[in-house]
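Below: the structure, in structure tokens.
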Amino acid sequence: MKLDLKHTVVLVTGASKGIGRAIADTFAAEGARLALCARNEESLSLVASELSRRFKIDTLPVAEDLSSLDGVRSCVERVVQHFSRINTLVNVAGAIRPGTLLSKPDADWQEDYDLKLFGYVRMMREVFPLMKKNGGRIINIIGSAGRCADPAYIAGGGANAALMNITKAAAAEGGPHNILVNGINPGPTRTERWDTMNRHLSREWGVPLEEVIARRLKGNPLGRPAEPDSIAAMVAFLASSRAADINGAIIEMDGGTNRCI
């Protein structure tokens, strides 16, 4: 299937590792021109250089902190200055830390929401005017915790539920301008964060790592975490002309764990 993404301009946040890095790799293989944003300038530059060398594409590393409005605006301005446009925005940046209602302090709530919840909203708000003339795609990587309340991940579930609602509302607003906005809810995915979280829970629960993994995959019919490349392939499809009629969708990629209609 030809996705016809060659020379399109794609901005991926959180692109230095994990799902964001896999998404960057996939678009690079399709010949897209890439703007890659993350906080760590050194690791981001390495990713951009590698993709540019391997796939002979134009890549722009943009080291910005997207937890602030100034950082978001600077990121978008730098991308437009270099490429003159943005065809697709993929929001990935932001990992909300675990914690219960009583254990998670205000500072953690604020820092986590500034990056993931408000970071996504601000990025969408900045690119919307740019896309109104020729249309565009916005794909939000959200997370399955937004559908199922978990007291140990209360902030993450709350932010993800909000982002699902916001994604659908933005799709309704963008539709008349051919700005298609969709979301993806990954479940457990085999990334550095997956490994780090498992080690943290192993210490916190006082159980072996294998038991932590078994608990976290309980109810998953596939019995395994997803691969980042699988998430990235869905993102590329949603960014392509093949997905021209998909707008306001929240796509579950959790191996069938969530069986609520």
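No lab work stands behind these numbers, since they all come straight from the coordinates. Bear in mind that the values here come from a model prediction, so they are computed numbers and not experimental data. Using ideal geometry, Cβ is built from the backbone for each residue, glycine included, and neighbour counts are taken over all protein chains shown.
Would you kindly derive the ³J(HN,Hα) couplings of the range 167-175 from the backbone phi angles with the Karplus curve 6.51 cos²θ - 1.76 cosθ + 1.60 (θ = phi - 60°), listing them in order in whole Hz, with x for Gly and Pro?
In residue order, the calculated couplings are 4, 5, 5, 5, 5, 5, 6, x, x Hz.
Which stretch or stretches of the range 90-127 have amide N atoms under 16 Å from the point lying 7 Å from W205's Cα along the Cα→Cβ direction?
Under cut-off, by backbone N: 98-100.
Expressed as a whole number of Å, what is the distance separating the alpha-carbon centroids of the range 203-258 and the range 25-42?
Cα centroid to Cα centroid, the span is 22 Å.
Just the number, please: percent antiparallel of the DSSP beta bridges in the chain, rounded to the nearest 5.
Of all bridge pairs located within the chain, approximately 0 percent are antiparallel.
Translational diffusion coefficient, Stokes-Einstein: compute it for the range 92-228 using the Kirkwood radius over C-alpha pairs as Rh, at 25 °C and 0.890 mPa s, and state it as an integer in µm² s⁻¹.
150
Students often forget the sequence filter, so: which lysines lie under 19 Å Cα-Cα from K17 once same-chain residues fewer than 8 apart are removed?
Counting by Cα, and skipping residues close in sequence, K17 has these lysines nearby: K116.
Taking the Cα centre of the chain as the origin, how large is its charge dipole in debye, to the nearest 20, when only Lys and Arg (+1) and Asp and Glu (-1) carry charge on their Cβ atoms? Before the final figure, lay out each step's value.
On the way: 32 positive and 29 negative charges, 126 e Å.
Dipole size: approximately 600 debye.
Could you order the peptides 229-241, 144-156, 195-207 from most to least packed, using the average number of other C-beta atoms within 10 Å per residue?
Top of the packing list down: 229-241, 144-156, 195-207.
I'd like the distance separating the alpha-carbon centroids of the range 1-18 and the range 167-197, in whole Å.
14
Given R₀ = 41 Å, what would the calculated FRET efficiency be for E173 paired with A149, taking r from the Cβ atoms and rounding to 0.05?
FRET efficiency, E173 to A149: 0.90.
Which number comes out as Rg/Rh for the chain once both Rg and the Kirkwood Rh are worked out on C-alpha atoms?
Values: Rg = 17.8 Å, Rh = 18.6 Å.
Value, to two decimals: 0.96.
Please report, to two decimal places, log10 I(q)/I(0) for the range 36-148 at q = 0.10, 0.23 Å⁻¹ as given by the Debye formula with identical point scatterers on the Cα atoms and no solvent.
The Debye formula, applied to the Cα set alone, gives -0.35, -1.36.
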